[in-house]
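The values are calculated or read from the model by the stated rules, or taken from the named source; none is laboratory data. None of the values given here were measured: they were computed from a predicted structure. Positions of Cβ are backbone-derived with ideal geometry, glycine not excepted, and every protein chain shown enters the neighbour counts. Remember, those area values only see protein heavy atoms, side chains included, never the ligands or the DNA or RNA. Shrake-Rupley method; radii C 1.70, N 1.55, O 1.52, S 1.80 Å.
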Amino acid sequence: MPSARSIAVIIPAAGSGSRFGDVRNKVFAMLAGKPLWMHCVERFHARVEVSRIVLAVSDEDRETFEQQATDLAIREKIAFCRGGSERSDSVAAALATLDSDNNVQWIAVHDAARPLVQDEDLSAVFEMAKLTGAAILATPITGTVKRGMADAVGCTTVDRRELWTALTPQVFRADVLRSSYARHHGFPVTDDAQLVERAGHSVALVHGAADNLKITFPEDLQLAEAILKRYGNR
């Protein structure tokens, strides 16, 4: 397991929430009385390995984030930086704020709209990252997968035995992530693991809980509420 206070967490939070059907950033949506992003921060703050949490936010949202952060007893561990139009731009900006911190040996990148990551999954992905230099949470695809075009005749069934859905956090040795971003030339990527893979570094998969869901649509909040209630009943 990485040593105490050796991990920095980057949370890209500069999105618009357009699919969420709201004019504001979806990470401000309330779940069990707290904004989504605050659930994420509290889960990581509880880990002894985590020393810093950097949120990359848009200029128009920064005041709201800072006002909401005053409700956190852990405010001193949180920093904000200016996010970009793309996820990779936001992560790069957060990386820059960590350049002078020599205590950061590992960097975890986590979606601000994934408020339900489980503590045991954090332990597992942190441990695997220590062993391999790069590890992500993922869950197996369980449904039948088809390849084809919508409204077109003809499709094929894809063998799903080696197919996974990527989750977060995605955890990397700090030099691995930094060097991968230094080699990034703006080609589109959907997650940080893809960028690390392009740089030639292998990424390990860690089987994570499927209920580590990303809040994308308003109805996802109802499911998240039910999951939180289930945790509370344990």
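Examine the range 140-149 for a residue that is under 16 Å from the mean Cα position of the chain (by Cα) and either under 16 Å from residue 10 (Cα atoms) or in a strand (DSSP E or B) (or both), and state whether such a residue exists. For the range 140-149, residues under 16 Å from the mean Cα position of the chain (by Cα) and either under 16 Å from residue 10 (Cα atoms) or in a strand (DSSP E or B) (or both): absent. In the set (1) in contact with a Ser or Thr (Cβ under 8 Å, 6 or more places away or on another chain); (2) crowded, with 19+ Cβ neighbours inside 10 Å; (3) of a type in the set (A, V, I, L, M, F, W, C), the condition left unmet by residue 199 is number (2).
Once the range 156-200 is narrowed to residues that are within 24 Å of residue 37 (Cβ to Cβ) and part of a loop (DSSP other than H, G, I, E, B), the residue that is modelled with the highest pLDDT is 191. One residue stands out in the range 96-123 among those that are surrounded by 22 or more Cβ atoms within 10 Å (Cβ to Cβ) and either acidic (Asp, Glu) or in a helix (DSSP H, G or I) (or both): the one that is farthest from the chain's Cα centre (by Cα), namely 122. Confirm whether residue 227 is outside any strand (DSSP E or B), within 17 Å of residue 12 (Cα to Cα) and of a type outside the set (Phe, Trp, Tyr). No; evaluated as a whole, the condition is false for this residue. Against the conditions (1) under 16 Å from the mean Cα position of the chain (by Cα); (2) within 25 Å of residue 132 (Cα to Cα); (3) surrounded by fewer than 16 Cβ atoms within 10 Å (Cβ to Cβ), residue 86 satisfies every one except (2). Considering (1) more than 21 Å from residue 183 (Cα to Cα); (2) free of Cβ contacts under 8 Å to residues at least 24 places away in the same chain, the lone condition that residue 55 does not fulfil carries the number (2).
Working carefully through the options 66, 76, find the one that is in contact with a strand residue (DSSP E or B) (Cβ under 9 Å, 6 or more places away or on another chain), open to solvent by 60 Å² or more (accessible area, probe 1.4 Å), at pLDDT below 95 and more than 18 Å from residue 174 (Cα to Cα). If you could, list the steps in order and put the result at the bottom.
Values: 76 fails: in contact with a strand residue (DSSP E or B) (Cβ under 9 Å, 6 or more places away or on another chain).
Just one listed residue meets the conditions, 66.
Scan the range 201-212 residue by residue and report those that are assigned to a loop (DSSP other than H, G, I, E, B) and out of contact with any Lys or Arg (no Cβ under 7 Å at 6 or more places or on another chain). Even if it seems obvious, please write down each step before you answer.
First pass over the range 201-212, keeping only residues assigned to a loop (DSSP other than H, G, I, E, B): 201-203, 208-212.
Correct list: 201, 202, 203, 208, 209, 210, 211.
Name the residues in the range 140-199 that are without any contact (Cβ under 8 Å) to a residue 60 or more places away in the chain, touching a Phe, Trp or Tyr at 6+ places or on another chain (Cβ under 7 Å) and not aliphatic (A, V, I, L, M), would you? Result: no residue meets the conditions.
Considering only residues of the range 213-224 that are assigned to a helix (DSSP H, G or I) and of a type in the set (D, E, K, R), which is surrounded by the fewest Cβ atoms within 10 Å (Cβ to Cβ)?
Going residue by residue through the range 213-224, those that are assigned to a helix (DSSP H, G or I) are 218-224.
Then keep just the ones that are of a type in the set (D, E, K, R); that gives 219-220.
On the way: 219: 9, 220: 18.
Checking each candidate, the answer is 219.
Filtered by the rule that a residue be touching a strand residue (DSSP E or B) at 6+ places or on another chain (Cβ under 8 Å) and closer than 30 Å to residue 123 by Cα, the range 135-158 gives 135, 136, 137, 138, 139, 140, 141. Restricting the range 152-175 to residues that are of a type in the set (A, V, I, L, M, F, W, C) and more than 29 Å from residue 215 (Cβ to Cβ) leaves a set whose member that is most open to solvent (accessible area, probe 1.4 Å) is 153. Among the conditions (1) of a type outside the set (Gly, Ala, Ser); (2) farther than 22 Å from residue 217 by Cβ; (3) part of a strand (DSSP E or B), the only one that residue 11 does not satisfy is (2).
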